[in-house]
Amino acid sequence: MRKGYWKFIFGIYIVLVINFVVVKFNGNINHTINTVQMNIMRRAEGGSNYNLIPFQTVRMYLTDLSFGVAFLNILGNIIPFIPMGFLIPMAFSSQRRMIKTMFTCFLLILSIECIQFFAYLGSFDVDDIILNTVSCFLGFLFFSAYSRIYKKV
């Protein structure tokens, strides 16, 4: 497939990530507004919307996986970012080395976490960065397998 096609797919993917992961828009703008207002109030009352301790959130979730939100949060930090690790090297030939792809993924993920925090759309969590980056690595492994099979990449 042509590179322009992969860039188009990557663009659509980024729009979807921004919509569903960053803004968490589910078709109801009031839900998004309420999330922002709740986060503003929480911070005004001294609450924090960040976690800088690696594996703190993951450890909390793993202690009770029967808790549906915990399971969804872990999957929600893994599944959406697998395509990123695949699409970046497919769309941009300069990103075909693992270290370059992972660095680009890391920067995009870090940007997402910062946007969520500063726009009051969510929290900044180092665990999200870790899980998302591992997911990108899985996506890069898929890219590597794909490129070996189809050798035209």
Point to revise | Cα convex hull of the chain, projected area averaged across orientations, nm² | key: 10.3
Review point. How large is ³J(HN,Hα) for each residue in the stretch 17-34, as worked out from phi by the Karplus curve 6.51 cos²θ - 1.76 cosθ + 1.60 (θ = phi - 60°), to whole Hz, x for Gly and Pro?
Key: 4, 4, 5, 8, 9, 7, 7, 6, 6, 10, x, 10, 4, 4, 4, 5, 4, 4
Revision key, fill the gap. Listed residues Asn132, Asn77, Asn51; largest mean-square fluctuation, Gaussian network over the chain with Cα springs below 10 Å, found at Asn51
**Study point:** Label-zone membership for the stretch 95-121, site Arg148, 7 angstrom Cα→C-beta point, backbone N under 19 Å
**Key:** 96-102
Exercise for review: For Tyr50, enumerate residues with amide H under 5 Å from its amide H, sequence gap 5+ or separate chain, H modeled in the peptide plane.
Suggested key: Phe124
Review point. Of Leu141, Leu72, Leu131, which is the most mobile in a GNM of the chain whose springs link Cα atoms less than 10 angstrom apart?
Key: Leu72
Study note, to complete from the structure: In order over the stretch 94-105: 3J(HN,Hα) from phi, Karplus 6.51/-1.76/1.60, θ = phi - 60°, whole Hz, x for each Gly or Pro, gives 6, 9, 7, 8, 4, 4, 5, 4, 5, 5, 5, 4
Check your understanding: So how tilted is helix 82-91 from the main axis of the chain? Cα-based, degrees 0 to 90, rounded to 10.
Key -> 40
Review point. For the stretch 137-142, what does the Karplus curve 6.51 cos²θ - 1.76 cosθ + 1.60, with θ = phi - 60°, yield as ³J(HN,Hα) per residue in whole Hz, taken in order and with x for Gly and Pro?
Key: 4, 4, x, 5, 4, 5
Study note, to complete from the structure: Quotient of Cα radius of gyration and Kirkwood radius for the stretch 64-153, i.e. Rg/Rh, equals 1.05
Check your understanding: Can you count the Lys pairs in the chain with C-alpha separation below 25 Å, eight or more apart or on different chains?
Key -> 9
Review point. So what's the back-of-envelope 222 nm ellipticity for the chain, counting only DSSP H runs of four-plus at -39500 (n - 2.57) apiece and dividing by all residues, rounded to 500?
Key: -22500 deg cm²/dmol
Practice item. Taking Cβ-Cβ under 4.7 Å as the only way to count a partner, pick out the unpartnered cysteines of the chain. Key: Cys114
Check your understanding: How much length is gained if the chain between Ser48 and Ile12 is pulled fully straight, taking 0.36 nm per residue apart and subtracting their Cα-Cα distance, in nm to one decimal?
Key -> 9.7 nm
Exercise for review: Springs between alpha-carbon atoms under 10 Å, Gaussian network over the chain: tell me which of Ile115, Ile33, Ile130 tops the mean-square fluctuations.
Suggested key: Ile33
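Read the figures in this text as sums done on the coordinates, not as results from a lab. Values in this document were obtained by computation on a predicted structure and should not be read as measured data. As a convention, Cβ positions derive from the backbone with ideal geometry for all residues, glycine included, and neighbour counts pool all protein chains shown.
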